[in-house]
1. Please go through the range 1-53 and give me each residue that is modelled with pLDDT under 90 and among the hydroxyl-bearing types (Ser, Thr, Tyr), ordered by number.
2. When you go through (1) assigned to a loop (DSSP other than H, G, I, E, B); (2) closer than 18 Å to Val76 by Cβ one by one for Leu356, which number turns out not to apply?
3. Identify, please: which residue in the range 285-294 is surrounded by fewer than 19 Cβ atoms within 10 Å (Cβ to Cβ) and touching a residue at least 60 places away in the same chain (Cβ under 8 Å) and is, among those, nearest to Ile392 (Cα to Cα)?
4. Restricting attention to the range 390-411, which residues are modelled with pLDDT under 95 and either of a type in the set (A, V, I, L, M) or under 28 Å from Asn138 (Cα atoms) (or both)?
5. Tally the residues that are within 16 Å of Arg69 (Cα to Cα) and either in contact (Cβ under 8 Å) with a residue 40 or more places away in the chain or among the small types (Gly, Ala, Ser) (or both), restricting the search to the range 19-48.
6. Does any residue of the range 259-268 turn out to be under 27 Å from Gly173 (Cα atoms), out of contact with any helix residue (DSSP H, G or I) (no Cβ under 7 Å at 6 or more places or on another chain) and either in a helix (DSSP H, G or I) or not basic (Lys, Arg) (or both)?
7. Taking Leu119, is it touching a residue at least 60 places away in the same chain (Cβ under 8 Å), out of contact with any helix residue (DSSP H, G or I) (no Cβ under 7 Å at 6 or more places or on another chain) and buried (at least 20 other Cβ atoms within 10 Å of the Cβ)?
Amino acid sequence: MTTETTQSQVDRPAFDPISISTLEFWSKTPDEREPLFKILRDERPVSWHPPIEGTMMPPPVDGVWAITRHADIEYVSKHPEVFCSGQGTQVEAIPVELLELAESFLSMDGEKHSSLRRLISSVFTPRRLQIIRDQVNNQARQIVDDLVKTKEGDFVEQVSKRLPMWTIYEMMGLAPELRDEVTRYADGMVSWADPEIAAGREPMEVIGQSLFGLRTAAIELADQRRAKPTDDLMSQLVQAEIDGRRLTNDELGAFFVLLSVAGNDTTRNTTSLNTIALQQFPEQRQLLVDDFDGHIHTAIEEFVRWATPVMTFRRTLTQDTVLHGQQLRKGDWVLLMYSSGNRDERAFSDPYAYDLRRKPNPHVAFGGGGPHYCMGAFLAKMQLEAMFRELIFRAPTLRVGEPTLLRSNFMHAVKSLPYTLD
């Protein structure tokens, strides 16, 4: 599927008439973008576009390649030797020295990536996973306890936002009085362009303050747990060791940042978007009412496919290559369009149907496979099962209104979602 060529032989094509680079494109709803993605999938699965608009600083590239088919997203994901993550995974031109501080092993490749990932994974023992599961179930129950006492409000604030942050920070052992502040830092890392989050600050100021706040909280907690371990995940992480290697404070801080950001938005937005979908498709909701345990595992896969909370990731070419007849140069950026891949008729039967019994369901909402498959997928699934079990049976009269979406080329995010309980 790839062949090498020299840069001098490569001529840039014309920019595609359907531009995925404009603020206008990302201001559309997912339903409005999908017909455009379908044209690209069917006619120009690897297409050339201007540099993405709305970035903090001009990117050091003359354009970006959009990868829209499911099979191609999987191919790129499984060949990191050609399409690397180590130069960044988003459309921002983040300095390399900051990447690992902000994205941990997400922005690493090869042995460096795998050794850090193995070290972190070693603490997730069966005992630790059971502790986390018990915490998640208890948290979901308490959140719905609070929900059913109300008549109306914002579902994101009352439900969707609470569970992932509560889970992560209780799991890590962060003091309760610090959690709201640290959550605001996590929001700032992905919503720096949102006026409400920025509150008059420049984008780099928002990100800098957010990154500093998250890392400071993590390193202070790590130092405390080295001095006085308790039964939490940070205590396990500071003691974890493989072949004489332990995690440094920089690595612990970066992992805490990654966990705070990735572990927050995926579950939060999947919960909100599927609460809307279950209202729109009551026959699918009834499946869970009639046999929750029998359907919830396939339902969760459909939840994340339908929502696709992470819409794009970037890879950078390490060598010249050819994909679908397009000549890509070393150093080029490619954008994996997960939203498009999860509606690809080549991979899914009736992809526009919301089908909680869909099987197989080879969605790319946790990545397209390969070494960078989402490490936290198990936690997201655990949280979604616990939360929807509580919502389905204990809040049957829940009704939600029109969502307010975040304009973003990265996250399919719901800023607010009004609800009522009859």
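1. Matches in the range 1-53: Thr2, Thr3, Thr5, Thr6, Ser8.
2. (2)
3. Filtering the range 285-294 for residues that are surrounded by fewer than 19 Cβ atoms within 10 Å (Cβ to Cβ) and touching a residue at least 60 places away in the same chain (Cβ under 8 Å), the one nearest to Ile392 (Cα to Cα) comes out as Val289.
4. Listed by number, the residues that qualify are Leu405, Leu406, Met411.
5. 11
6. The answer is yes, given that some residue of the range 259-268 is under 27 Å from Gly173 (Cα atoms), out of contact with any helix residue (DSSP H, G or I) (no Cβ under 7 Å at 6 or more places or on another chain) and either in a helix (DSSP H, G or I) or not basic (Lys, Arg) (or both).
7. yes
Conditions tested, residue by residue: (1) surrounded by 15 or more Cβ atoms within 10 Å (Cβ to Cβ); (2) among the basic types (Lys, Arg).
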position	(1), (2)
Arg246	no, yes
Asn274	yes, no
Ala277	yes, no
Glu283	no, no
Ile296	yes, no
Thr308	yes, no
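The values are calculated or read from the model by the stated rules, or taken from the named source; none is laboratory data. Every value quoted in this text rests on a predicted model; they were computed, and no experiment measured them. Using ideal geometry, Cβ is built from the backbone for each residue, glycine included, and neighbour counts are taken over all protein chains shown.
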